[in-house]
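Novice: Sharing a structure with you now.
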Amino acid sequence: MNTTAAATALPETMRGVRLPGDSTAVLDTLPVPEPGPGQVLIRVGASGICGSDIGFIYHEHKTHRGVEGPAYQGVVAGHEPSGTVVQAGPGCRRFGPGDRVIVYHIAGCGLCDNCRRGFMISCTDPSRAAYGWQRDGGHAEYLLAEESTCVPLPDELSFVDGALIACGFGTAYEGLRRIGVNGDGDLLVVGLGPVGLAAGMIGRGMGAARVIGVEPNQRRREWAAGLDVFDALASPEEAADEIARVTSGRGAATAIDCSGSRPGRSLALENAAEWGRVSLVGEGGALETEVSDTLLHKQLTLYASWVTSLPAMAELSVNLVRWGLSPERVVSDRFDLADADAAYRLAAGESRGKVCLVNGAER
């Protein structure tokens, strides 16, 4: 805990963004909250826009994760925040004013087995609340967070880096950890949205021999090509030939589907090598595959992964520094909170990479 930082004079009000569910983003003026026991008040440095926000909140308030009725409760949006602690409530023991943090985007009950493992995403207690869904999130100048959901943001990483670790990079890292990506084989990444770009970058850091990306959108392939992460890029129509060329006909030892689509998942399975390991992290859609030749005869192992854990998120932030990698390289567009509506329109449309809301100097 930083005990030397001076107290910060705070305004009484702040800007915050809500999503009415009609494909718009609305900027409101809200009171700056005060931290209670075990809570910290964070000055938000950056807050990412996630595909799940667009699919389940921005266009319409739909049920998500089996919640009865709309899962979004009309709160300040955004579940990918990072920033600086400016106040700590009673009982806080680890973080204090001046500490830079990433916020894990679920506050769970803290008592169930999933929470004790750090997987608050899988908490089923009625008290479970996601930032930006059931409690105010990061699309604001200040965020009230549980100290237990914060992890340190290394000085070498920016607030934009931290925002990306908070969801997309954490999700990709967990999926890659499950399949044990290493230098013994190639990695195939299907779907080069923000999570797929994260998977490519992290796969490079984890030592994959070669990283191959598949994406139907030409603009996204061009953006990915400029990141110096992928050894080969292909459209779905070109994928089989390109993967065979790069892997000398063996297929990819590890593969991760970030597309969340039936064709994307099938492509990952079909182009995995014998004894390959395939991770599914994309939300929605269906999985359809021929079983004998595609799965059984190739002895494939499938892993399903949902977000990541609090310890793995902290581990990832340290690893990124060790690998010399900066997540913010996948950000194609940055917007001020005042331009949140334009930011969401771009993220829901033809963005090349990640779209992020930033405050102050981070812009």
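The values are calculated or read from the model by the stated rules, or taken from the named source; none is laboratory data. All of these numbers come straight from a predicted model, not from anything done at the bench. Backbone-built Cβ (ideal geometry, glycine too); neighbour counts: all protein chains shown. Only protein heavy atoms, including side chains, enter the accessible area calculation; ligands, DNA and RNA are left aside. Shrake-Rupley method; radii C 1.70, N 1.55, O 1.52, S 1.80 Å.
Novice: Using the per-residue mean of other Cβ atoms lying within 10 Å as a proxy for protection, in what order, highest first, do the peptides 80-91, 166-177, 187-198 fall?
Specialist: Sorting 80-91, 166-177, 187-198 by mean packing, highest first, produces 187-198, 166-177, 80-91.
Novice: Then there's this: Report the FRET efficiency, 1/(1 + (r/R0)^6), for residue 244 and residue 113, where r is their Cβ-Cβ distance and R0 is 51 Å, rounded to 0.05.
Specialist: On the way: r = 43 Å, r/R0 = 0.85.
Rounded to the nearest 0.05, the efficiency is 0.75.
Novice: Counting only heavy atoms of the protein chains, get the accessible area per residue of region 172-304 (1.4 Å probe) and round it to a whole Å² value.
Specialist: About 42 Å² of surface per residue is accessible.
Novice: Roughly what % antiparallel, to the nearest 5, for the DSSP beta bridges in the chain?
Specialist: 55
Novice: Same structure, new question: Return the sequence-ordered ³J(HN,Hα) values of region 222-237 in whole Hz as given by the Karplus equation 6.51 cos²θ - 1.76 cosθ + 1.60 applied to θ = phi - 60°, using x for Gly and Pro.
Specialist: 5, 5, 4, 4, x, 8, 6, 10, 9, 7, 8, 10, 8, 6, x, 5
Novice: With each run of n ≥ 4 DSSP H residues scored as -39500 (n - 2.57), what mean residue ellipticity at 222 nm is computed for the chain after dividing by its residue count and rounding to the nearest 500 deg cm²/dmol? Numbers along the way, then the final one.
Specialist: Details: 9 runs with 81 residues, N = 363.
Estimated from H runs of four or more residues: -6500 deg cm²/dmol.
Novice: Counting pairs of alpha carbon atoms under 8 Å apart in space and at least six apart in sequence, what relative contact order in percent does the chain give? Don't skip to the answer; put the middle values down first.
Specialist: Details: 898 pairs, mean separation 67.5, N = 363.
Reported relative contact order: 19 percent.
Novice: Continuing with the same structure: On the Cα set of the chain, report Rg and Dmax in Å, please.
Specialist: Rg and Dmax of the chain, Cα atoms, are 20.2, 65 Å.
Novice: Of 16, 41, 95, which is farthest on the positive side of the dipole of region 1-154, counting Cα position, with +1 on Lys and Arg Cβ, -1 on Asp and Glu Cβ, and the Cα centre as origin?
Specialist: Going by the Cα projections, it comes out as 95.
Novice: Consider just the alpha-carbon atoms of region 172-304 and return their Rg together with their Dmax, both in angstrom.
Specialist: Final numbers for Rg and Dmax: 12.9, 39 Å.
Novice: Calculate the length of the line joining the C-alpha centroid of region 234-254 to that of region 83-147, in whole Å.
Specialist: Region 234-254 and region 83-147 have Cα centres spaced 41 Å from each other.
Novice: Where Lys and Arg each count +1 and Asp and Glu each count -1, what net charge lies around residue 250 among other residues with Cβ under 13 Å from its Cβ?
Specialist: With Lys, Arg at +1 and Asp, Glu at -1, the neighbours total 0.
Novice: At a 1.4 Å probe, what is the % contribution of carbon and sulfur to the accessible area of the chain?
Specialist: 48
Novice: While we're on this one: Nearest 10 degrees is fine. How inclined is helix 194-205 to the longest principal axis of the chain, computing both from alpha carbons?
Specialist: Tilt of helix 194-205: around 70 degrees.
Novice: Let me ask you something else. Quick one: putting +1 on the C-beta of Lys and Arg, -1 on the C-beta of Asp and Glu, what dipole do you get for the chain around its Cα centre, in Debye to the nearest 20?
Specialist: Dipole about the Cα centre, nearest 20: 540 debye.
Novice: Let me ask something else. I'd like the orientation of helix 310-323 relative to the chain: the angle between its Cα long axis and the longest Cα principal axis, in ° from 0 to 90, rounded to 10.
Specialist: So the helix axis and the longest Cα principal axis differ by about 70 degrees.
Novice: Another question, then. How are the Cα pair distances of region 15-148 distributed, in percent, across 5 Å bins from 0?
Specialist: Bin by bin from 0 Å, the calculated values are 2, 11, 20, 22, 21, 15, 7, 2, 0.
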